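Structure first, commentary second.
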């Protein structure tokens, strides 16, 4: 099978071209759609070949756009990757927000957030692999964005310190470690091509995230109900 997991071998074979428009509105729409197509193509190529094996030529061929169109939207390959990463983080947050807001208590909010993350990853494994696996080895700027994004999720977990009388004894880096552990579990499955195993990580991730604040027993009880937080679709 080679270096890359089997699910990467069945990625869509083409991206449909959009018809050219004659007026300004159509031109703007086409430009916006072309940018999205470039990002989609970038995710697919990076997921399949790795960032170092990805070229602008491969991206534009996959996207069905001219090379000049790529450079109208992105300065270079790295800028394209960084834009895709930032948009993915924002999109994942936006998709998780309704479920998190609907949860009444902090443990349920954590469960909803993790469930939403796993749903997002499974829905688009090429995008997820690009952002969670390939970005960390794509150079200092990409790694910096990755680390900033991971750190931005820590404050939501820190709210759990209010649930324990042992808060003062918890390490300052606890939340960063929990986020890192959750992402690493997903990272490994993406790297191995085990996308179908990702949804089953929810109970383990939930117990791992809650135990430092609620204790192992209570965390295990909540984790046992994890199916209730999964996306029914």
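Taking the Cα centre of each part, how many Å lie between segment 89-110 and segment 28-78?
A separation of 31 Å, based on Cα centres.
What percent does the relative contact order of segment 111-233 come to when contacts are Cα pairs within less than 8 Å and at least six residues apart?
That works out to 36 percent.
Given Cα pairs under 8 Å that are at least 6 residues apart, what percent is the relative contact order of segment 87-143?
Details: 30 pairs, mean separation 14.9, N = 57.
Over segment 87-143, the number comes to 26 percent.
What is the Cα coordinate range of segment 78-229 on the first, second and third principal axes, sorted by size from largest, in whole angstrom?
Principal axes ranked by extent give 46, 32, 28 Å for the Cα atoms.
Can you compute the label reach from residue 184? Point 7 Å from Cα along the Cβ direction, backbone N cut-off under 15 Å, restricted to segment 127-144.
What the label zone holds, given the 15 Å backbone N cut-off, is 133.
Since every read-out is calculated from the coordinates, none of them should be taken as a lab result. Only a predicted model underlies this, so the values are computations on that prediction, with no experimental measurement involved. All Cβ positions, glycine included, derive from the backbone under ideal geometry; neighbour counts span all protein chains shown.
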